[in-house]
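Since every read-out is calculated from the coordinates, none of them should be taken as a lab result. Being a predicted model, the structure only gives us computed values, none of them experimental. Cβ coordinates were reconstructed from backbone atoms using ideal geometry, including for glycine residues, and neighbour counts include every protein chain displayed.
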Amino acid sequence: MEQAVSAGVTRLVAMGVDLERSRGAVACAHRYEEVFAAVGHHPLEEGEPDVDALRELAKDDMVVAVGEIGLDFEHIGGPERDRQLQRLQEMFSIATDMDLPVSIHNRGAEAELVAAISAHPGIRGVMHYFALGWDWAETFLDLGFYLSFAGLVTRPSRQVLREVVTLCPADRLLLETDSPYGNAQKRMGVANRPAYLVDTAELVAELRGISVPELGELEGANARALFRKLQ
């Protein structure tokens with residue numbers, strides 16, 4: 001946290017991927033003034049989500065989102081598609097009940113996610129670790145969602161993703177680390193951490209033709225608009 005604040009990263013959202021780690025995210029948010037929490041059940045996590053317990057946890061004042069949730073149809077050995085879809089509906093119900101945005105994990109399930117989001121009018125959120133081309137970006141933007149970019153965009157081979165960064169509307173663009181994953185190209189092989197968000201920010205600012213401080217102001221405004229309790 002000291003390194004993050006020193007680097008200029010002063011607001012963070014710790015994501016939950018099951019009940020235990022959602023509780024850990026909430027505890028972290030109560031420990032550090034810079035941290036807020038999200039609660040949820042990741043599509044690849046084993047076991048069934050305790051929906052009632054997660055809904056109760058989502059009432060905490062430090063919870064700003066339901067996530068990380070979503071669909072993953074590419075991971076071999078993960079839960080069956082029907083079960084993942086059922087879990088997503090359960091997580092959407094918490095978000096709707098608590099009037100919270102969602103953070104969506106997606107691998108190979110674009111069409112199914114579009115259908116699920118479309119079936120819940122008014123639900124808002126962000127496509128976490130966005131890695132697709134502009135056609136899908138535009139589709140999720142049309143649904144009212146934000147796009148969040150991590151260190152993947154710093155890979156020289158990701159020219160299509162860089163194009164999405166330049167085309168994304170200024171008021172829908174977010175950055176993330178996905179710590180301890182998602183590192184920038186220059187830190188490959190090193191565990192990611194919040195302070196390293198600046199690595200991605202430097203490239204995104206360059207691609208959009210603005211300064212890093214200007215991007216910081218933009219990101220702060222976007223984060224506060226989506227995660228409404230994040231001030």
Magnitude of the Cβ-charge dipole (Lys and Arg +1, Asp and Glu -1) of region 124-231 about the Cα centre, nearest 20 debye, reported as 340
Membrane-span-like helices (DSSP H runs, Cα span along own axis at least 24 Å, mean Kyte-Doolittle at least -1.0) in the chain -> 81-98
Projecting the Cα atoms of 141, 116, 5 onto the charge dipole of the chain, where Lys and Arg contribute +1 and Asp and Glu -1 at Cβ, the residue farthest towards the positive end is 5
For the chain the mean separation of alpha carbon contacts under 8 Å (6+ apart) over residue count, i.e. relative contact order in percent, is 16
Relative contact order of region 124-231 (C-alpha contacts under 8 Å, at least 6 apart) in percent is 24
Among 76, 88, 24, the residue whose Cα sits farthest towards the positive end of the charge dipole of the chain, when +1 is placed on the Cβ of each Lys and Arg and -1 on the Cβ of each Asp and Glu, is 24
Computed from the beta carbon distance with a Förster radius of 30 Å, FRET efficiency for residue 20 and residue 111 to the nearest 0.05 stands at 0.40
Residue 89 and residue 61 label points (each 7 Å along its Cα→Cβ direction) are spaced in nm at 3.6
Residue-normalised 222 nm signal for the chain, counting each DSSP H run of n ≥ 4 as -39,500 (n - 2.57), nearest 500 deg cm²/dmol, is -13000 deg cm²/dmol
Which of (1) 26, 21, 17; (2) 31, 19, 16; (3) 46, 20, 17 gives semi-axes √(5λ) of the Cα gyration tensor in Å as computed here? It is (1)
Residue separation between residue 160 and residue 191 times 0.36 nm, minus their alpha-carbon distance, gives in nm 8.6 nm
With R₀ set to 25 angstrom, the calculated FRET efficiency between the beta-carbons of residue 99 and residue 181, to the nearest 0.05, is 0.25
Subtracting the Cα-Cα distance of residue 81 and residue 44 from 0.36 nm times their residue separation yields 12.3 nm
